[in-house]
Amino acid sequence: MAQIVAGINNMMNNETEMKSMDANRYATKKTIAQGMLDIALLTANASQLKYILQVGEQHQFYKLMLILISLSIVLQLLVGILFVIIGSLNINREKDQRAAVIMNDVILVVVFVISVINVIISGFGIEYSSQPLRLLDQH
């Protein structure tokens, strides 16, 4: 009988712990994790931009790649700013919940656009080599 009572008490404590989980803290940690992924992609785009600028007009799709990489970087900076704003909201307050939902939706759409842009960038191929300026030597 004592074991049954102890088991019931443990179940009630677990329910209390689950109810007391801070959704705001979870959302903040999620936003930080997304921001870290954004930084990784930003670093990759900066490297691609450096490569395309080194190769210059010799790259078959120079202007397109320059535009796409620059657009991706600008949109990532926008998402980063939105992450900072949404991270400052307290979703436990009703007035912040609507703004958080709207911003979360905007972030989702922009991240989708960034993903599509980066798939296109990959499709046009940025080949990294130990000698990226080799094309300039073939006059």
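The values are calculated or read from the model by the stated rules, or taken from the named source; none is laboratory data. Computed from a predicted structure; not experimentally measured. Here Cβ is always computed from backbone atoms with ideal geometry, including for glycine, and neighbour counts include all displayed protein chains. Surface accessibility is based on the protein's heavy atoms, side chains included, excluding ligands, DNA and RNA. Shrake-Rupley method; radii C 1.70, N 1.55, O 1.52, S 1.80 Å.
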Within region 62-121, considering residues that are of a type in the set (Gly, Ala, Ser) and modelled with pLDDT of 90 or more, the one least open to solvent (accessible area, probe 1.4 Å):
Ser72
Hey, could you check region 48-59 for residues that are without any contact (Cβ under 8 Å) to a residue 60 or more places away in the chain and surrounded by fewer than 15 Cβ atoms within 10 Å (Cβ to Cβ) and say which is farthest from Ile91 (Cα to Cα)?
Glu57
Any chance Lys19 is over 24 Å from Ser122 (Cα atoms), out of contact with any helix residue (DSSP H, G or I) (no Cβ under 7 Å at 6 or more places or on another chain) and at pLDDT below 80
yes
Could you tell me whether region 28-43 includes any residue that is touching a helix residue (DSSP H, G or I) at 6+ places or on another chain (Cβ under 7 Å), within 29 Å of Val110 (Cβ to Cβ), open to solvent by 40 Å² or more (accessible area, probe 1.4 Å) and modelled with pLDDT of 90 or more?
no
Any residue that is over 20 Å from Asn118 (Cα atoms) and in a helix (DSSP H, G or I) - is there at least one of those in region 66-76?
no
